[in-house]
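We did not get these values from a lab; they are worked out from the coordinates using the rules stated. Just so it is clear, the model here is predicted, and its values are computed rather than measured. Every residue, glycine among them, receives a Cβ derived from its backbone with ideal geometry; neighbour counts consider all protein chains shown.
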Amino acid sequence: MKIKPYYILPIVVFIGMAIFLFVGLGLNPRETAFPLYEQSPPDFALGPLHEEQPGLTDEDLLGDKTVILNFFASWCAPCREEHPYLMALSERDDISVYGIDYREVSREKAIAWLYRDGNPFALIGYDQDARVVMEWGLAGVPETFIVHNGKVIRRYQGPLNVPIMQHDLLPLLEALEK
Amino acid sequence: MKWLAFLMVLFVTPAFAAGVDEAVLPDAAQEDAARDIMKDLRCLVCQNQSIEESDADMAADLRIVVRERVAAGDDHQDVMDYMVARYGDWILMRPPVNERTWLLWGMPVLLVLLGLLAAGLLMRRHLTERTADAPLSADEQAALDTLLAEDKDQ
């Protein structure tokens, strides 16, 4: 039997769709847009988590050092997962690690957690009504941004992990230092 | 009937009206406008819901901001622009037609056109095959003539 060209058309269409959908499976639907990329950080001024400490404003992000800005909450389990990475980053001299705490049931609990497990943040802003969280376009916590020379250059949605640290964050810091 | 009653009890869920726990705007027209805007904004947590339907904390935060901006005199488009500036087109339940979404919006039209094309081609082939039937052979023609002649005689 002679195979007419259009007989294989359904197969071609099927394979095309399969590839299209398979690629789609690999995308992360939680990843949202990043309008802040290469932009200045939005204006904000947050009070502190702990009354006796300073808060955090956008001015703090514009210093000479590269800033790692982490959005977290003490009730958020993935935030605890990534906590050791932030602790390690906080020991470096070439960067500043700052935090924004998105809404707590109890501020005392958040303070107690940081006291017990270690506080990686040189400065913490407390965002009870999510206004600053919204300015940064967050879809949830945790998220981590990198601000360098007054521009937001990275966004990591979800907890920091080994692949992010090894293949992106640490090499990037290395490159920025030069 | 007992089991039926049991099932009915099982499936009774409290009627949650989104936003009842929040302060609605005192002006009913403004509240309606705010609700319309909420229906067009995607919830960041449960992505198939609008923030009007969602129970997520972040959706509640967004609802508060929407009401604030409507109370401050922003119209539908102003609030949408505000949200898109922060979250991108992603936040819209109905994404705009642009160079990244033309395929999404155009796909139904494209599929209909493809279907019409396929149907047209099939139809044409069908018609040409009919007209291109092989002519009768001499024997067949003779047999047909005999039959027709017999028919006429009766």
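Determine the gain in length on full extension of the stretch B:C46-B:D75; use 0.36 nm per residue of separation and subtract their C-alpha separation, reporting nm with one decimal.
On the way: separation 29, 0.36 × 29 = 10.44 nm, distance 2.56 nm.
Once the chain is fully extended between B:C46 and B:D75, it gains 7.9 nm.
In region B:21-129, which chymotrypsin sites (Phe, Trp or Tyr not before Pro) fall in coil by DSSP and have 16 or fewer other Cβ atoms within 10 Å?
On the way: sites: B:Y82, B:Y87, B:W90, B:W102, B:W105; in loops: none.
Loop-located and lightly packed - none at all.
Identify the trypsin sites (Lys or Arg not before Pro) of region A:45-98 meeting these criteria: DSSP loop state and at most 16 other C-beta atoms within 10 Å of the C-beta. The partial results should precede the final answer.
Numbers: sites: A:K65, A:R80, A:R92; in loops: A:K65, A:R92.
Those that pass, being in a loop and sparsely packed, are A:K65, A:R92.
Do you know the relative contact order of region B:14-91, to the nearest whole percent, from alpha carbon pairs under 8 angstrom that are 6+ apart? List each step's numbers first, then the result.
Details: 75 pairs, mean separation 21.8, N = 78.
Answer for region B:14-91 is 28 percent.
Please list, in chain and number order, the residues 5+ apart from A:L49 or on another chain whose amide H is under 5 Å from its amide H, with Hs placed from the backbone.
Correct list: A:I124, A:Y126.
Report, as an integer, the average count of C-beta atoms from other chains found within 10 Å of each Cβ along B:86-92. Before the final figure, lay out the partial values.
Working: counts 11, 8, 5, 3, 6, 4, 0.
Partner-chain Cβ atoms within 10 Å, mean over residues of B:86-92: 5.
Could you give the size of the charge dipole of region A:31-177 about its Cα centre, using +1 on the Cβ of each K and R and -1 on the Cβ of each D and E, expressed in debye and rounded to the nearest 20? Numbers along the way, then the final one.
Details: 11 positive and 25 negative charges, 68 e Å.
The calculation lands at about 320 debye.
What do you get for GluC sites (Glu not before Pro) in region A:51-121 restricted to DSSP loop and a cutoff of at most 15 other Cβ within 10 Å of the site's Cβ?
Details: sites: A:E51, A:E52, A:E59, A:E81, A:E82, A:E91, A:E104, A:E108; in loops: A:E51, A:E52, A:E91, A:E104.
Those that pass, being in a loop and sparsely packed, are A:E51, A:E52, A:E91.
Work out the length of the dipole vector of the protein assembly as shown about its Cα centre, built from +1 on the beta-carbon of each Lys and Arg and -1 on the beta-carbon of each Asp and Glu, and round it to the nearest 20 debye.
Numbers: 29 positive and 52 negative charges, 189 e Å.
Charge dipole, the protein assembly as shown, about its Cα centre: 900 debye, nearest 20.
Which percent, nearest 5, of DSSP beta bridges in region A:31-177 are antiparallel? Before the final figure, lay out each step's value.
On the way: 13 of 25 bridges.
Bridges in region A:31-177 are about 50 percent antiparallel.
Using only the alpha carbon atoms of region B:102-153, find the Kirkwood hydrodynamic radius as the inverse mean reciprocal pair distance, in angstroms to one decimal.
On the way: mean 1/r = 0.0667 Å⁻¹.
Hydrodynamic radius (Kirkwood, Cα only) of region B:102-153 equals 15.0 Å.
How large, in Å, is region A:91-178 by the Kirkwood hydrodynamic radius built from its alpha-carbon pairs?
Numbers: mean 1/r = 0.0686 Å⁻¹.
Kirkwood radius, region A:91-178: 14.6 Å.
Starting from the amide H of A:T66, placed 1.01 Å from N in the peptide plane, find each other amide H under 5 Å away whose residue is 5 or more places distant or on another chain.
A:S96
What FRET efficiency comes out for A:Y37 versus A:V105 if R0 is 30 angstrom and r is the Cβ-Cβ distance? Round to the nearest 0.05. Intermediate values should be presented prior to the final figure.
On the way: r = 33 Å, r/R0 = 1.09.
Computed FRET efficiency for A:Y37 and A:V105 comes out at 0.35.
What is the distance, in nm, between label points placed 7 Å from the Cα along the Cα-to-Cβ direction at B:R100 and at B:K152?
7.9
Report the dimensions of region B:14-91 along its three principal axes from the alpha-carbon atoms, largest first, rounded to Å.
Principal extents (Cα only, largest first): 35, 29, 15 Å.
Measure of size requested: the Rg and Dmax of region A:1-57, with Cα atoms as the atom set and Å as the unit; please supply both.
26.3, 86
May I ask you to derive the FRET efficiency for A:L27 and B:L136 from their Cβ-Cβ distance with R0 = 56 Å, giving the value to the nearest 0.05?
Numbers: r = 63 Å, r/R0 = 1.12.
Approximately 0.35, to the nearest 0.05.
Measuring from centroid to centroid over Cα atoms, what is the spacing of region A:157-172 and region B:31-54 in Å?
Going from one Cα centre to the other spans 33 Å.
In degrees, nearest 10, range 0 to 90: what is the angle between the Cα axis of helix A:77-90 and the longest Cα principal axis of chain A?
Tilt of helix A:77-90: around 60 degrees.
Would you mind checking the tilt of helix A:107-117 against the longest principal axis of the Cα atoms of chain A, expressed as 0 to 90 degrees and rounded to 10?
80
Classify the protein assembly as shown: rounded, prolate or oblate, from the alpha-carbon gyration tensor (a ≥ b ≥ c, eigenvalue square roots; a/c under 1.5 rounded; otherwise prolate if a/b is larger than b/c)?
Numbers: a/c = 2.99, a/b = 2.14, b/c = 1.40.
Prolate.
Rg and Dmax of chain A, using alpha carbons, in Å: what are they?
Answer for chain A, Rg first and Dmax second: 21.2, 86 Å.
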